[in-house]
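K.L.:
Pasting a structure here, questions to come.
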Amino acid sequence: QVQLVESGGGLVQPGGSLRLSCAASGFIVSSTAMSWYRQAPGKERELVAVIRTITANYADSVKGRFTISRDNDKNTVYLQMNSLKPEDTAVYYCNARRGLLGEYDYWGQGTQVTVSS
């Protein structure tokens, strides 16, 4: 059974940091393309970061501030978020893309990140 469980969201002041976790079960993270997306009020869901076998990519808006990583022993993906800005406020979702052609998408429940004074 494929499951993605996100945690680590919360309220933080501008300039602060949060570390989001995505605990996966039913598949192996190390051999799967894993991503973080976010959706803010009034905006479309956008890709924040993606990690494949040996590479990682980031949206321009978070480059240099966010880092995606994995712990293969724990089968968990992380998103370290530093220097947070109010515009980072959104619901953050973990995504796993699977299948021979990437035809299957699995999503976590989302975790709220609010950056405010």
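The values are calculated or read from the model by the stated rules, or taken from the named source; none is laboratory data. Note that the structure is predicted; figures quoted are calculated from it, not measured. No Cβ is skipped: glycine too gets one built from the backbone with ideal geometry, and neighbour counts run over all protein chains shown. Accessible surface is based on the protein model in full, side chains and every heavy atom, while ligands, DNA and RNA are left aside. Shrake-Rupley method; radii C 1.70, N 1.55, O 1.52, S 1.80 Å.
K.L.:
Being open to solvent by 70 Å² or more (accessible area, probe 1.4 Å), out of contact with any Asp or Glu (no Cβ under 8 Å at 6 or more places or on another chain) and under 19 Å from E103 (Cα atoms), is that true of even one residue in region 32-39?
P.N.:
Here is the first cut: in region 32-39, the ones open to solvent by 70 Å² or more (accessible area, probe 1.4 Å) are none.
Scanning region 32-39 turns up no residue that is open to solvent by 70 Å² or more (accessible area, probe 1.4 Å), out of contact with any Asp or Glu (no Cβ under 8 Å at 6 or more places or on another chain) and under 19 Å from E103 (Cα atoms).
K.L.:
A further question on this structure: Across region 62-98, what is the total count of residues that are touching an Asp or Glu at 6+ places or on another chain (Cβ under 9 Å) and either part of a loop (DSSP other than H, G, I, E, B) or over 17 Å from S17 (Cβ atoms) (or both)?
P.N.:
Of the residues in region 62-98, 9 are touching an Asp or Glu at 6+ places or on another chain (Cβ under 9 Å) and either part of a loop (DSSP other than H, G, I, E, B) or over 17 Å from S17 (Cβ atoms) (or both).
K.L.:
Given the structure, is R19 closer than 28 Å to L101 by Cβ, in contact (Cβ under 8 Å) with a residue 24 or more places away in the chain, basic (K, R) and in contact with a strand residue (DSSP E or B) (Cβ under 6 Å, 6 or more places away or on another chain)? Walk me through how you get there before you give the answer.
P.N.:
Values: closer than 28 Å to L101 by Cβ: no; in contact (Cβ under 8 Å) with a residue 24 or more places away in the chain: yes; basic (K, R): yes; in contact with a strand residue (DSSP E or B) (Cβ under 6 Å, 6 or more places away or on another chain): yes.
The answer is no for R19.
K.L.:
So in region 99-117, with the set limited to residues that are hydrophobic (A, V, I, L, M, F, W, C) and assigned to a loop (DSSP other than H, G, I, E, B), which one is farthest from Q39 (Cα to Cα)?
P.N.:
It comes out as L100.
K.L.:
Do the conditions hold for T67, that is, is it in contact (Cβ under 8 Å) with a residue 40 or more places away in the chain, surrounded by 14 or more Cβ atoms within 10 Å (Cβ to Cβ) and not small (G, A, S)?
P.N.:
When the stated conditions are applied, T67 does not pass them.
K.L.:
Taking region 86-117 on its own, how many of its residues are touching a Gly at 6+ places or on another chain (Cβ under 8 Å) and of a type outside the set (S, T, N, Q)? Spell out the reasoning first.
P.N.:
Taking region 86-117 first, the residues touching a Gly at 6+ places or on another chain (Cβ under 8 Å) are 91-95, 111-115.
Narrowing further to those that are of a type outside the set (S, T, N, Q): 91-94, 113, 115.
Result for region 86-117: 6.
K.L.:
Would you check which residues across region 27-61 are closer than 20 Å to W107 by Cβ and assigned to a loop (DSSP other than H, G, I, E, B) and list them?
P.N.:
Taking region 27-61 as the starting set, the residues that turn out to be closer than 20 Å to W107 by Cβ are 27-41, 43-52, 56-59.
Answer for region 27-61, where residues must be closer than 20 Å to W107 by Cβ and assigned to a loop (DSSP other than H, G, I, E, B): F27, I28, T32, A40, P41, K43, E44, R45, R52, A59.
K.L.:
Let me ask another. Out of the residues in region 78-115 that are out of contact with any Ser or Thr (no Cβ under 7 Å at 6 or more places or on another chain) and small (G, A, S), which is most open to solvent (accessible area, probe 1.4 Å)?
P.N.:
S83
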